[in-house]
1. Starting from segment 219-239, take each residue that is farther than 15 Å from Arg77 by Cβ and list its partners that are of a type in the set (A, V, I, L, M, F, W, C) and surrounded by 14 or more Cβ atoms within 10 Å (Cβ to Cβ), counting only C-beta distances under 7 angstrom and pairs at least six apart or across chains.
2. Report yes if Gly152 is under 26 Å from Asn198 (Cβ atoms), outside the structural domain of Ala276 (by TED's automatic domain parsing), within 11 Å of the ligand (Cβ to nearest atom) and assigned to a loop (DSSP other than H, G, I, E, B), otherwise no.
3. Within segment 44-67, which residues are over 20 Å from the mean Cα position of the chain (by Cα) and in a helix (DSSP H, G or I)?
4. Which one is nearest to Ile100 (Cα to Cα) among residues in segment 164-221 that are in a loop (DSSP other than H, G, I, E, B) and touching a helix residue (DSSP H, G or I) at 6+ places or on another chain (Cβ under 7 Å)?
Amino acid sequence: MAELNHVTTETPTEAILKIIDRDGAVIIDAILSKEETNIFAEELAPLLQTASAGRDSFTGFSTTRVGALIARSSICRHLATHPQLLAIANQLLGKFSPTIQLSLTQAVKIAPGEGAQILHRDRGLWGGHIPRRIETQLGTMIAVTDFTHENGATRVVPGSAHWDASREPKPEDIASADMKAGSILVYNGTVIHGGGPNSTEKPRLGVLLHYTLGWLRQQENMYLACPPDIAKNFTPELRRLLGYAQGSPVMGFYSDPKGGQELVSPEVLFGDAVSAVGQRAGGEDVVKRTTGRTPGRTRAGTTV
Ligand SMILES: O=C(O)CCC(=O)C(=O)O
């Protein structure tokens, strides 16, 4: 059976990125303390109690999911801005975008008797339109309970991010992301993975917390899951990660529909200092990068 590497919160980012580049995934042990893990479980319990199970073999007939966890969980907020995760995400995704953002926050509770989820690549979310040379996502799965081969630990196919799309994993290619509660599986958007079957008598609980490129559509609609009247209570850094910032020059600005601000970065809404990308007028930059030409004025008054 294939295996995944374990590292610690002290392991340098470069070493972690090397493993992700080779295997597509790595486990960071004990990123949360026991106390933080218990608080996480307490925050999620009432939400999971009222949620219903999935409706298909992908979401799982005995699997319960809840989202909007930046708004609902202090530990999820803590993890979203964890320096080690942000360093990994920024280095992995920063080659393809000047900013990164959160894409998904979702608790996944796999109940006893659930079968294995279909193995998949998360980059499929974007319809397969993005070429492989562009990495779309840094995904994470935080273990809130212990993850074991028996209780539905995430299954991962190390190395499969380098495979042709048509290659199917054999049973011996599949690793089980066994880890203690409080540990985190970190993986790219191209590695094949999926939830495991739960043959025990207790549920397996984990939380997906994914980052994506600043110019891609987020999987979870963060503006509805965490609207401005909730986001105003968070740090500017977390707000930017939610998407309340420009994703790249001339991308993601807004105008106040009631009048006032025109074509400004969403950071202005909260009185935040505007980030480097937001400050740039941007248009001329984009023209230069995409055409190699310095823009001038045409007779119609538009830049070329
Ligand atoms: O539950 C898991 O372990 C993995 C879930 C997953 O990959 C998904 O729902 O996309």
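1. Taking only residues 6 or more apart or on different chains, the pairs are Gln219/Leu104; Gln219/Leu125; Pro228/Leu269.
2. Values: under 26 Å from Asn198 (Cβ atoms): yes; outside the structural domain of Ala276 (by TED's automatic domain parsing): yes; within 11 Å of the ligand (Cβ to nearest atom): yes; assigned to a loop (DSSP other than H, G, I, E, B): yes.
Yes; evaluated as a whole, the condition is true for this residue.
3. Ala45, Pro46, Leu47, Leu48, Gln49, Thr50
4. The first filter runs over segment 164-221 and keeps only residues in a loop (DSSP other than H, G, I, E, B), leaving 164-170, 174, 177-178, 180-183, 189-191, 195-203, 214-221.
Within this subset, residues satisfying the condition of being touching a helix residue (DSSP H, G or I) at 6+ places or on another chain (Cβ under 7 Å) are 169, 181-182, 189-191, 216, 219.
Details: Pro169: 31, Ala181: 27, Gly182: 24, Gly189: 14, Thr190: 17, Val191: 19, Leu216: 9, Gln219: 13 Å.
Filtering segment 164-221 for residues that are in a loop (DSSP other than H, G, I, E, B) and touching a helix residue (DSSP H, G or I) at 6+ places or on another chain (Cβ under 7 Å), the one nearest to Ile100 (Cα to Cα) comes out as Leu216.
Results for (1) buried (at least 20 other Cβ atoms within 10 Å of the Cβ); (2) away from the ligand (no atom under 16 Å from the Cβ); (3) within 15 Å of the chain's Cα centre (by Cα); (4) among the hydrophobic types (A, V, I, L, M, F, W, C), shown as yes or no for each residue.
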site: Ala161; (1), (2), (3), (4): yes, no, no, yes
site: Asp164; (1), (2), (3), (4): no, yes, no, no
site: Pro171; (1), (2), (3), (4): no, yes, no, no
site: Gly206; (1), (2), (3), (4): yes, no, yes, no
site: Leu216; (1), (2), (3), (4): yes, yes, yes, yes
site: Thr235; (1), (2), (3), (4): no, yes, no, no
site: Met251; (1), (2), (3), (4): no, yes, no, yes
site: Leu263; (1), (2), (3), (4): no, yes, no, yes
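The values are calculated or read from the model by the stated rules, or taken from the named source; none is laboratory data. Since the structure is predicted, the reported quantities are computational estimates derived from the model, not experimental observations. Heads up, the Cβs are rebuilt from the backbone with ideal geometry, glycines too, and the neighbour counts pull from every protein chain shown.
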